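Let me begin by presenting the structure, written as structure tokens, before commenting on it.
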Amino acid sequence: MKNFIKLEDLTNFNETLSQAIDLKKNITKYSALGKGKTLGMLFFNPSLRTRLSTQKAANSLGVHSMIMNFSNEAWALEFENGTRMTGIRSEHIKEAAGVVSQYFDMVAIRAFASLTNKEKDEAEIVLNSFSKYATIPIINMESATAHPLQALADAITLTEHRTPHRPKIVLTWAPHPKALPHAVGNSFTKMMKNIDAEFIIANPEGYALNPEITKGVKIYTNQDKAIEGADFVYAKSWCSYEQYGQILRTDDKWMITPKKMKLTNNAKFMHCLPVRRNVVVADSVLDNPNSLVIKQSENRIYAAQAVLKEILENG
Ligand code: CP
């Protein structure tokens, strides 16, 4: 694997998953692997988990990391070719990608969806442009349409809490006052193709994810029916994909409450965080021992470590 831009870039999902679980048992096992290497981390958007877990993963491999908040510290980037750069964009991606390739051995990038232009978001202009013009491996720390490090961490968490039977796992839309991207939902759905489970997505009318990604997955528009008997309930908010970037409802009927969790098979609750309490999920569900959200965030370290290790070993 040269780049980790999407989950499908992994050479072998199950091997990487096993590697991540192994690394958790002995985080310093490969502490000399990245000696003398530097990871650049470029943030176009805020982060708590991704930033700190990826840095910790790099440290544990002996990799030095350098961070830049591109949105407010770097020159505004121009991505169009052949344009006369008379506006606010002072630096072209060709030079920026070329320059960072001189300073780092790998570069990890976070660049969210604009949610104003579906075509541009789906073109993944930031990640793909760095990939095109940089000469070093690129790692996705959440792009417009994908969050593969989160999905890999979620696979670790699901594996650690495996049920004796084939589990029922439900990804459910949840309310949110802001329009949020589809990246986590997309990558979780793709990741679930590698897990032996009954997988269901629940979302209200108008909130279906990209049908190309959910092809073959059972989709319910009745949340209660969907989570009935579930072993895992993964809540996530996203804006409408069809009416791109829009919020279509503001009620709290899809918030995860203790009453909803009573419909499940004593399900574990999952969310990638950050989460808005008593908007997405009730306090008592988050504070219940069945909530895995902190364990999910811990597993971000080992997901990142497994990915960085694979890239270091390949090149
Ligand atoms: N889940 C996740 O990616 O968290 P951050 O946005 O804090 O990195």
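The values are calculated or read from the model by the stated rules, or taken from the named source; none is laboratory data. No experiment lies behind these values; they were computed from the predicted model shown. Note: ideal-geometry Cβ built from the backbone for every residue, glycine included; neighbour counts use all protein chains shown. Heavy atoms of the whole protein, side chains included, go into the accessibility calculation; ligands, DNA and RNA do not. Shrake-Rupley method; radii C 1.70, N 1.55, O 1.52, S 1.80 Å.
For Ala179, indicate whether it is closer than 15 Å to His271 by Cβ and among the aliphatic types (A, V, I, L, M).
no
In the range 39-59, is there at least one residue being free of Cβ contacts under 8 Å to residues at least 60 places away in the same chain, surrounded by fewer than 23 Cβ atoms within 10 Å (Cβ to Cβ) and away from the ligand (no atom under 13 Å from the Cβ)?
Yes, the range 39-59 has at least one match.
List the helices (runs of 4 or more DSSP H) inside the range 182-289, counting only whole elements, that have at least 3 residues being polar (S, T, N, Q).
Fully inside the range 182-289 and qualifying: 183-191.
Give the residue, chosen from Ala76, Ala96, that is of a type outside the set (Lys, Arg), more than 18 Å from Ile138 (Cβ to Cβ) and away from the ligand (no atom under 14 Å from the Cβ).
None of the other options fit; the residue is Ala76.
Name the residue, out of Ile169, Ile136, that is assigned by TED's automatic domain parsing to the domain that holds Val233, surrounded by 21 or more Cβ atoms within 10 Å (Cβ to Cβ) and in contact (Cβ under 8 Å) with a residue 24 or more places away in the chain.
Going through Ile169, Ile136 in turn, the sole match is Ile169.
Just for the range 46-62: of the residues that are over 13 Å from the mean Cα position of the chain (by Cα) and polar (S, T, N, Q), which one is nearest to Val275 (Cα to Cα)?
Gln55
Checking Lys2 against (1) under 23 Å from Tyr103 (Cβ atoms); (2) charged (D, E, K, R); (3) crowded, with 17+ Cβ neighbours inside 10 Å, which test does it fail?
Unmet condition: (3).
Out of everything in the range 269-297 that is without any contact (Cβ under 8 Å) to a residue 12 or more places away in the chain and of a type outside the set (A, V, I, L, M), what residue ends up being surrounded by the fewest Cβ atoms within 10 Å (Cβ to Cβ)?
Ranking the candidates gives Pro289 first.
Among the residues of the range 115-128, are any within 16 Å of the ligand (Cβ to nearest atom), modelled with pLDDT of 95 or more, touching a helix residue (DSSP H, G or I) at 6+ places or on another chain (Cβ under 9 Å) and open to solvent by less than 20 Å² (accessible area, probe 1.4 Å)?
Checked against the condition, which is being within 16 Å of the ligand (Cβ to nearest atom), modelled with pLDDT of 95 or more, touching a helix residue (DSSP H, G or I) at 6+ places or on another chain (Cβ under 9 Å) and open to solvent by less than 20 Å² (accessible area, probe 1.4 Å), the range 115-128 yields no hits at all.
Considering Thr257, Thr163, which residue is surrounded by fewer than 20 Cβ atoms within 10 Å (Cβ to Cβ), over 19 Å from Val285 (Cα atoms) and hydroxyl-bearing (Ser, Thr, Tyr)?
Thr163
Test Gln150 against the stated conditions and say whether it is more than 18 Å from Tyr241 (Cα to Cα), polar (S, T, N, Q) and open to solvent by less than 10 Å² (accessible area, probe 1.4 Å).
yes
Suppose we filter Tyr234, Tyr207 for residues that are out of contact with any helix residue (DSSP H, G or I) (no Cβ under 6 Å at 6 or more places or on another chain), within 16 Å of the ligand (Cβ to nearest atom) and among the aromatic types (Phe, Trp, Tyr); which single one remains?
The conditions single out Tyr234.
Return the total of residues in the range 5-38 being among the aliphatic types (A, V, I, L, M) and surrounded by 17 or more Cβ atoms within 10 Å (Cβ to Cβ).
6
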